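One structure below.
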Amino acid sequence: MTPDTAEHPQMSVEDFEELVRRAPRELRNRLEFLGGKLCVRHGPLDVDEFEELAAVAPETVRLEYINGKVEVKAMPDGNHRSIFMWLLRQCMQHRPDLDLVPESGVKAEAYRKGRARTDGTLVPVDHFRGDGEWSNPAGTLMAVEITSHDRDTDQRDRIDKPLGYAAADIPIYLLIDRDHNTVTVFSEPKDGRYRRTETHAWGATVEIPAPVSITLDTEKLKDYAD
């Protein structure tokens, strides 16, 4: 069971107050902090308003724009960071021609109206050189998400992001799920959905298909169960 936001808020009150202080003047009165969750009054922000807000957010607040809503992505804890480094080592060993870039801003969803912060994006070396905060997904081989223990994980990482990444034609979405101790490989995007989904328990050998073409030995993930 994922925790309640009121008990595990998306951000601290201090971070919310700092976000409001930094926000463009026309957006300040539209931001609320209710039940530990960031809310927007008077209708949703459009993507340009979101980018303005995200550009001034404090470093401790990571904002995303998913399915037309502003979301706050949880800060990674120690096991989250260790899992990312495990995957980074695997990718470097098997595909030294690629970069697994942490915490990338990607233009996702149909017509690129979403703004997602991946935990990792697998791309050719130097692929993002010269980009701003949000990159076009063209050329991306794989998006990676590692779940956090927050209430929004189920909707965000298991439902919204597979749709957003498929709509952006990202060939592979790799979900490392810490609630269920599983690895799910989404592949073959078509018409805004991944046509193939395979889920494996931690400890299994996981084949990630082309264009990534990596075999993961996930036994090490058992060390990060919590």
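For the stretch 65-158, what class follows from the C-alpha gyration tensor (a ≥ b ≥ c being the square roots of its eigenvalues): rounded when a/c is under 1.5, otherwise prolate if a/b is larger than b/c, else oblate?
Here the stretch 65-158 falls in the oblate category.
Do you know the relative contact order of the chain, to the nearest whole percent, from alpha carbon pairs under 8 angstrom that are 6+ apart?
Here the relative contact order equals 14 percent.
Do any trypsin sites (Lys or Arg not before Pro) in the stretch 125-226 lie in a loop, going by DSSP, with at most 14 other beta-carbon atoms within 10 Å of their beta carbon, and if so which?
Arg129
Sorted from largest to smallest, which semi-axis lengths in Å does the alpha carbon gyration tensor of the chain give for its equivalent ellipsoid, taking the root of 5 times each eigenvalue?
29, 20, 16
If you roll a 1.4 Å probe over the stretch 1-154 with all protein chains in place, what percent of the accessible area is carbon or sulfur?
Details: 3750 of 7670 Å².
Carbon and sulfur together cover 49 percent of it.
Where only protein heavy atoms count, and the probe is 1.4 Å, what is the accessible area per residue for the stretch 1-144 in Å²?
Values: 7360 Å² over 144 residues.
Per-residue value: 51 Å².
Non-local amide H neighbours of Val70 (under 5 Å, H modeled in plane, Pro and chain starts lacking H): which ones?
The answer is Leu45.
Count the lysine pairs in the chain whose Cα atoms sit under 20 Å apart, keeping only pairs 8 or more residues apart in sequence or on different chains.
14
Report for the stretch 68-165 the percent antiparallel among DSSP-assigned beta bridges with both residues inside it, nearest 5.
90 percent
Before rounding to the nearest 500, sum -39500 (n - 2.57) across all DSSP H runs of length at least 4 in the chain and divide by the residue total; then give [θ] at 222 nm in deg cm²/dmol. Each step should come with its number before you reach the end.
Working: 5 runs with 48 residues, N = 226.
Result for the chain: -6000 deg cm²/dmol, rounded to the nearest 500.
The values are calculated or read from the model by the stated rules, or taken from the named source; none is laboratory data. Values in this document were obtained by computation on a predicted structure and should not be read as measured data. FYI the Cβ positions are ideal-geometry reconstructions off the backbone, even for glycines, and counts take in every protein chain you see. Just the protein is used for accessible areas: all its heavy atoms, side chains included, with ligands, DNA and RNA removed. Shrake-Rupley method; radii C 1.70, N 1.55, O 1.52, S 1.80 Å.
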